[in-house]
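**Q** I have a structure I would like to understand better, so I am pasting it below and will then ask my questions one at a time.
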Amino acid sequence: MEAIDCITTRKSIRKFTDQPVSRELIMDVIRTAQQSPSYKNSQPWEVAVVSGDKKEGLSRLMIDLLATDTAATPDLAAPTSWPAPEQARIKELFQMRLEATGIDLSAPAIIKKAKRANFSFYGAPLAVYLYQESSLSEWSLFDLGLFAQSLMLAAHGKGLGSVPQAFITDYSAEVKEYLGIPATKRLVLGLSVGYPDMESSVNKLTTSRAPAEEITTWFE
Ligand SMILES: Cc1cc2nc3c(=O)[nH]c(=O)nc-3n(C[C@H](O)[C@H](O)[C@H](O)COP(=O)(O)O)c2cc1C
């Protein structure tokens, strides 16, 4: 797939087919993502690929913690407020999701339901976690973001779909313990990965972007 097409046609996928993803294919995607640039080529990224019974157990673990109202303690704290321009875009996204799926993400009762769907990895055959040593600087978080985007683009280029999910890092300590990831690492992002079910209405949603002129300042 041509690079520009790959970037512009990638979207978050929240419904997957039952088709399994081969180990070779996901390793190929990871290998491609490793070509991302990083500060001094430090490559501050580690990847956990979770499938089968292990993934089902992880899903149950998070759903049970949610059911008992266990407080979320992600390694990267969720933002509690946003500046006005970003808040307006979030509001627009929630409105679009409401129209496309009937799910009102701003309603507290719905958040629990939405989290359960996240914790089920939206039915994807693979859960992928990206993590790194906690002592690394903010630049390494930046690098991991580059890696995450490369991973999603490589997956898309190879016919897979994915969705990045902050929610699935809610119970980071428990997830790390379950996966045997040392407590010294920070769990930065989780993703669900599989073959996209493009018949599903949830995958028909295409999010908007602010005009480029709005985010660009020219100095001449
Ligand atoms: C860091 C990050 C965290 C996200 N967390 C979630 C999440 O927990 N659950 C979810 O369904 N989508 C999540 N998303 C997906 C965003 O909602 C999505 O990327 C955004 O609305 C733009 O849509 P697009 O990916 O289809 O272009 C996350 C995206 C990013 C980059």
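**Q** Quick one: count up the residues across segment 174-209 that are surrounded by fewer than 16 Cβ atoms within 10 Å (Cβ to Cβ) and either closer than 20 Å to D143 by Cα or touching a Cys at 6+ places or on another chain (Cβ under 8 Å) (or both).
**A** The number of residues fulfilling the criteria is 1.
**Q** Evaluate segment 90-103: report whether one residue or more is assigned to a loop (DSSP other than H, G, I, E, B) and modelled with pLDDT under 95.
**A** In the first step, residues of segment 90-103 are kept if they are assigned to a loop (DSSP other than H, G, I, E, B); the result is 102-103.
Going one step further and asking which of them are modelled with pLDDT under 95, we end up with 102-103.
Looking for residues that are assigned to a loop (DSSP other than H, G, I, E, B) and modelled with pLDDT under 95, one finds at least one in segment 90-103, hence yes.
**Q** Going by the conditions given, is S106 at negative phi, crowded, with 20+ Cβ neighbours inside 10 Å and touching a residue at least 12 places away in the same chain (Cβ under 8 Å)? Write out each step before concluding.
**A** Values: at negative phi: yes; crowded, with 20+ Cβ neighbours inside 10 Å: no; touching a residue at least 12 places away in the same chain (Cβ under 8 Å): yes.
No.
**Q** Additional query: Filter segment 19-37 down to residues that are away from the ligand (no atom under 16 Å from the Cβ) and either part of a helix (DSSP H, G or I) or in contact with a strand residue (DSSP E or B) (Cβ under 9 Å, 6 or more places away or on another chain) (or both), then give me how many there are.
**A** 13
**Q** On to the next question. Please go through segment 159-188 and give me each residue that is touching a residue at least 12 places away in the same chain (Cβ under 8 Å) and part of a loop (DSSP other than H, G, I, E, B), ordered by number.
**A** If the condition is that a residue be touching a residue at least 12 places away in the same chain (Cβ under 8 Å) and part of a loop (DSSP other than H, G, I, E, B), then G159, L160, A166, D170, Y171, I181, T184 are the ones that fit.
**Q** So W218 fits all but one of (1) away from the ligand (no atom under 13 Å from the Cβ); (2) under 21 Å from P20 (Cβ atoms); what number is the exception?
**A** That leaves (2) as the condition not met.
**Q** Tell me, which residue of segment 1-18 that is within 20 Å of the chain's Cα centre (by Cα) and not charged (D, E, K, R) is farthest from the ligand (Cβ to nearest atom)?
**A** T17
The values are calculated or read from the model by the stated rules, or taken from the named source; none is laboratory data. Please read all numbers here as calculations on a predicted model, not as lab measurements. Neighbour counts are summed over all protein chains in view; Cβ atoms, including those assigned to glycine, are modelled from backbone coordinates with ideal geometry.
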